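Right, one structure below, let's go through it.
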Ligand SMILES: [Zn+2]
């Protein structure tokens with residue numbers, strides 16, 4: 001709480017009133033939720049290019065229900081590449097079964 005009380009100490013009267021209003025109206029919770037979402041994904045690596053993904057990453061949930069997997073992609077190109085391969089592999093496996 002130290003850092004936050006320091007920030008509040010620095011605020012002018014107008015800023016403090018705005019902060020209070022945002023807190024009461026639930027905007028603050030939205031910022032907190034967004035930040036928490038970001039912490040959840042911040043160390044994720046794109047499985048296609050190996051880059052660390054950003055806040056605007058694309059998330060794909062796939063696999064059997066018993067073994068759900070989640071992949072984070074840095075952009076649409078990587079997601080497309082991944083899906084393309086995923087579908088091809090799936091089709092190949094189906095062919096082998098028949
Ligand atoms: Zn990527």
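FYI, it's all coordinate maths here, none of it is from the lab. Remember, it's a predicted structure, so these values are computed and weren't measured experimentally. A quick note on method: Cβ atoms are made from the backbone with ideal geometry, for glycine too, and the neighbour counts reach across all protein chains shown.
Observations on the model:
- Helices (runs of 4 or more DSSP H) wholly inside the chain that include at least 2 residues being surrounded by 13 or more Cβ atoms within 10 Å (Cβ to Cβ): 13-24, 27-41, 76-97
- Scanning the range 36-63 for residues that are touching a residue at least 24 places away in the same chain (Cβ under 8 Å) and either in contact with a helix residue (DSSP H, G or I) (Cβ under 8 Å, 6 or more places away or on another chain) or more than 9 Å from the ligand (Cβ to nearest atom) (or both) turns up 41, 44, 46, 47, 48, 49, 62.
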